[in-house]
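Undergrad: Input: one structure, supplied below.
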Ligand code: BJW
């Protein structure tokens, strides 16, 4: 068994599901209630900004009423004690990893609690609604949008993610369907680099066959069992 020093952990909506935050692709999930093209693309935002801002205002308000669960807490414990490199690459736009105490978190699809000014490029902490077209704290124009990555946009900090993967001795994927690229491709990248891969999920992801090992069950049980 090779010695594990550096770990990359990819998390998806399934890690926050038991905190009461809707996933995207399950029955009753967000994409069953909304057309993806309407609410999660730059074209949808250009067509109907009010619809998109209302959708994100509702979700931004909702996450502030939720709390981290046992899976977030277990990952935060691991982050606190792990002596090697560790990176939690999350596709989630909630802040539950941070509220559980994790420090080494990278939000590749952005954050609900930030607004991005498309006029001056400033990113500002944001908890309030955006629907009223408030001014950007940096430049005063009304060009704020949610600081999230929509389809067709470039996910954040990809160079850092690929650099961490190249140095990793273990890749773990938790609660993601493997339906959205480039995150869905990380397991194949890890495999090509000869890195052991582990999937923790309620159901098998689309890329399940690429993992060396898959454990099925709820994140609040599987993640603490893996960490502790
Ligand atoms: C539990 C559980 C419990 C439930 N316990 N588990 C290559 C091939 C084909 C297409 C493309 C490609 N490359 C790019 C594309 C296009 C596109 C894409 O992927 N399309 C696909 C639909 C095919 N990708 C993009 O446009 C991306 N940009 C891009 O690629 O730029 C170019 C580029 C290329 C290469 C390198 C660098 C750049 C951008 C994607 C942006 C995604 N944005 C969203 C919205 C964010 C804002 C918001 O929240 O509204 O991100 S879409 C949505 O999906 C969100 C999520 O982060 C993402 C992934 O979803 P996730 O987390 O997997 O959730 P679900 O619901 O799908 O799955 C839940 C899972 O949890 C399931 O597996 C359950 O089993 C599990 N679960 N309860 C444990 N209790």
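Undergrad: Just want to confirm a number: the relative contact order over segment 1-132, from Cα pairs under 8 angstrom separated by 6+ residues, in percent.
TA: Values: 181 pairs, mean separation 36.0, N = 132.
27 percent.
Undergrad: Summarise the long-distance tail of P(r) for segment 131-176 by giving the % of C-alpha pairs beyond 13 Å.
TA: Details: 760 of 1035 pairs.
Of all Cα-Cα pairs in segment 131-176, 73 percent lie more than 13 Å apart.
Undergrad: If you don't mind, there's one more thing I want to ask. Please report the equivalent ellipsoid semi-axes of the chain, computed as sqrt(5 x eigenvalue) of the Cα gyration tensor, largest first, in whole Å.
TA: 31, 18, 17
Undergrad: Separate question: Measure nothing but the geometry: give the 0 to 90° angle between the long axis through the Cα atoms of 158-167 and the longest principal axis through the Cα atoms of the chain, rounded to 10°.
TA: Tilt relative to the chain: about 10 degrees.
Undergrad: Rounded to the nearest 10 degrees, what's the angle between the helix 70-81 long axis and the longest principal axis of the chain, both from Cα atoms, 0 to 90?
TA: The helix 70-81 is inclined about 70 degrees to the chain.
Undergrad: I would also like to ask the following. Given a 10 angstrom Cα cut-off, can you work out which residue in 208, 177, 142 is the most mobile in a GNM of the chain?
TA: Of the options given, 142 has the highest mean-square fluctuation.
Undergrad: Let me ask something additional. Among 16, 205, 124, whose mean-square fluctuation peaks in a Gaussian network model of the chain (Cα, cutoff 10 Å)?
TA: 124
Undergrad: Still on this structure: In deg cm²/dmol and to the nearest 500, what is the mean residue ellipticity at 222 nm of the chain if only DSSP H runs of at least 4 residues count, each as -39500 (n - 2.57), divided by the residue total?
TA: So the calculated ellipticity at 222 nm is -8500 deg cm²/dmol.
Undergrad: Which of rounded, prolate, oblate describes segment 93-185, given a ≥ b ≥ c as roots of the alpha-carbon gyration tensor eigenvalues and a/c under 1.5 marking rounded, otherwise prolate only if a/b is larger than b/c? Walk me through the numbers before you get to the answer.
TA: Working: a/c = 2.23, a/b = 1.94, b/c = 1.15.
Prolate is the answer for segment 93-185, as a/c is 1.5 or above and a/b outweighs b/c.
Undergrad: I would also like to ask the following. Counting C-alpha atoms alone, how compact is segment 111-154: give Rg to one decimal and Dmax as a whole number, in angstrom.
TA: Expressed in Å, the Cα Rg and Dmax of segment 111-154 come to 9.9, 28.
Undergrad: Averaging over every viewing direction, what projected area does the convex hull of the Cα atoms of segment 122-228 cover, in nm²? Before the final figure, lay out the partial values.
TA: On the way: hull surface 37.3 nm².
The number I arrive at for segment 122-228 is 9.3 nm².
Undergrad: Show me 196-202, 21-27 ranked by packing, highest mean number of other Cβ atoms within 10 Å first.
TA: Taking the mean over residues of other Cβ atoms within 10 Å, the ranking is 196-202, 21-27.
Undergrad: I'd like to compare 4-12, 52-60: which one has the highest average count of other Cβ atoms within 10 Å, and what's the full order after that?
TA: Most protected by this proxy first, the peptides run 4-12, 52-60.
Undergrad: Further, regarding this structure: Using only the alpha-carbon atoms, how far is helix 49-63 inclined from the longest principal axis of the chain? Give it as 0 to 90 degrees, nearest 10.
TA: Long axis of 49-63 versus the principal axis of the chain: about 50 degrees.
Undergrad: Ok, one more. I need the peptides 91-100, 113-122, 218-227 ranked by packing, meaning the mean over residues of other C-beta atoms within 10 angstrom, with the highest value on top. Walk me through the numbers on the way to the answer.
TA: On the way: 91-100: 22.5, 113-122: 16.4, 218-227: 19.0.
Per-residue mean Cβ counts within 10 Å order the peptides as 91-100, 218-227, 113-122.
Every number in this text was worked out from the coordinates using simple rules, so none of it is lab data. This structure is a prediction, so every number in the text was calculated from the model and none was measured. All Cβ positions, even for glycine, are placed from backbone atoms using ideal geometry, and neighbour counts span all protein chains on display.
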